[in-house]
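Here's the structure, in structure tokens; my notes come after.
The values are calculated or read from the model by the stated rules, or taken from the named source; none is laboratory data. Just so you know, these numbers come straight off a predicted model, no measurement behind them. Here the Cβ is made from the backbone with ideal geometry for all residues, glycine too, and neighbour counts use every protein chain on show. With ligands, DNA and RNA removed, areas are computed over all heavy atoms of the protein, side chains included. Shrake-Rupley method; radii C 1.70, N 1.55, O 1.52, S 1.80 Å.
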Amino acid sequence: MNNRTLAIIKPDAVRDNVAGKIISKIIDAGFKIKAMKMTRLTNDSAGGFYLIHKNRPFYNDLVEYMSSGPCIPIALERENAVSEFRKLIGATDPNEAAEGTIRKLYAKNKAENAIHGSDSDENAAIEIAHFFSRKELLENYNG
Ligand code: IDP
Ligand code: MG
């Protein structure tokens, strides 16, 4: 069954000018772009997006990093989108990520790791709604 996931090309990867290469890899892996934009998160918006990590020691650094420059959120569709996308990006820590994965190729370290991918269908829906209105998703409808 086709379903959706949210990717974010994080500020470090945008800054390093590798967004195009990453998008190319995502498309080559069979994902369809349903919506995409470049935007800079405020501290509040980044904090809200990662609220689930509020009690983790890295939360403040994570919020600062995610609001440090523009990022590129992308709503994607594919069969088994969530799990297939997690495979494509690799482990959170690039030292543990498999060869050829986006994080192995482009992440600097466990904190600045180039890309986000939703971890469940339920969170994918919440995260897509964080960045894209229903109207935007419908206006971009491409089958
Ligand atoms: P995920 O992005 O692979 O799903 P999560 O555990 O959900 O990983 O963490 C969200 C983000 O928080 C990571 O992608 C990374 O940017 C940051 N992060 C996670 N664990 C650490 C850590 O131990 N130190 C610093 N930053 C971390
Ligand atoms: Mg996560």
Counted residues in the stretch 42-66 being away from ligand 2 (no atom under 16 Å from the Cβ) and not β-branched (V, I, T) come to 5
Note on the stretch 93-143: residues loosely packed, with under 15 Cβ neighbours inside 10 Å, within 12 Å of ligand 1 (Cβ to nearest atom) and hydroxyl-bearing (S, T, Y) are S120
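Per-residue answers, yes or no, for (1) assigned to a helix (DSSP H, G or I); (2) within 14 Å of ligand 2 (Cβ to nearest atom):
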{"residue": "S68", "(1), (2)": "no, no"}
{"residue": "R78", "(1), (2)": "no, no"}
{"residue": "E99", "(1), (2)": "no, no"}
{"residue": "L105", "(1), (2)": "yes, no"}
{"residue": "N113", "(1), (2)": "no, yes"}
{"residue": "N123", "(1), (2)": "yes, yes"}
{"residue": "I128", "(1), (2)": "yes, no"}
{"residue": "Y141", "(1), (2)": "no, no"}
Of the residues that make up the stretch 36-46, is at least one open to solvent by less than 10 Å² (accessible area, probe 1.4 Å) and either assigned to a helix (DSSP H, G or I) or within 12 Å of A114 (Cβ to Cβ) (or both)? yes
Please tell me if F58 is aromatic (F, W, Y) and in contact with a His (Cβ under 9 Å, 6 or more places away or on another chain). no
Where residues in the stretch 67-92 are over 12 Å from the mean Cα position of the chain (by Cα) and closer than 20 Å to Y141 by Cβ, which of them is least open to solvent (accessible area, probe 1.4 Å)? A81
